[in-house]
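What follows is a short report on a single structure.
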C-alpha cells in the first residue's frame, strides 16, 4: 500500500499534516469518557479514498505504519513514524524484559509484528494493552505472593 499512497499523495490527495501525529494521544482516552471519539482504524476510509471502493464498502485495508506516516507528512512523516516505533520497541524491551516482566513483553510482541497495522492503531493499542497486561500480571503476582505466604505459615 505505501507505493499506492506515494503515487497519489500529494499529487492527487494532499498531505494531512504533521499535526495529525499530535492528535494520536487523544485516542487513548476510553470511549466512556469521550463517547464521540472517532474510530482508530481508518481502513474503510483508505479503501474508499485510495482504492476507490464504493461509499458503501465495509472492506478495510491497512495503510501500514509507513503509509500512514506518508499520508500525514510525506517522507518526514514516514521517518518520524518509523523512529517512534523503534523507540517504542526499545522502551518496551527496557521496561519489560530488562526488569523481569517477560510475560508482558510476550503479550505485546504480536502487536508489533502486524505488518498491516497503522501507526495510530499500533501506538494506542500498545498503550491500552500494556496497561491491561500489567494489571493482570500485577494481580497474578499478588495472588502468588499471598499463596506462598500462606504455605510458609503452615
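The values are calculated or read from the model by the stated rules, or taken from the named source; none is laboratory data. Model, not experiment: these values are computed from the prediction. Positions of Cβ are generated from backbone atoms using ideal geometry, with glycine treated the same way; all protein chains shown enter the neighbour counts.
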Test for residue 50: is it more than 25 Å from residue 25 (Cα to Cα) and touching a residue at least 24 places away in the same chain (Cβ under 8 Å): yes
Residue within region 84-97 that is farther than 25 Å from residue 23 by Cβ, in contact (Cβ under 8 Å) with a residue 24 or more places away in the chain and part of a helix (DSSP H, G or I) present: no
Single residue of 78, 61, 120 found to be at pLDDT 85 or above, under 20 Å from residue 5 (Cα atoms) and either part of a loop (DSSP other than H, G, I, E, B) or over 20 Å from the mean Cα position of the chain (by Cα) (or both): 61
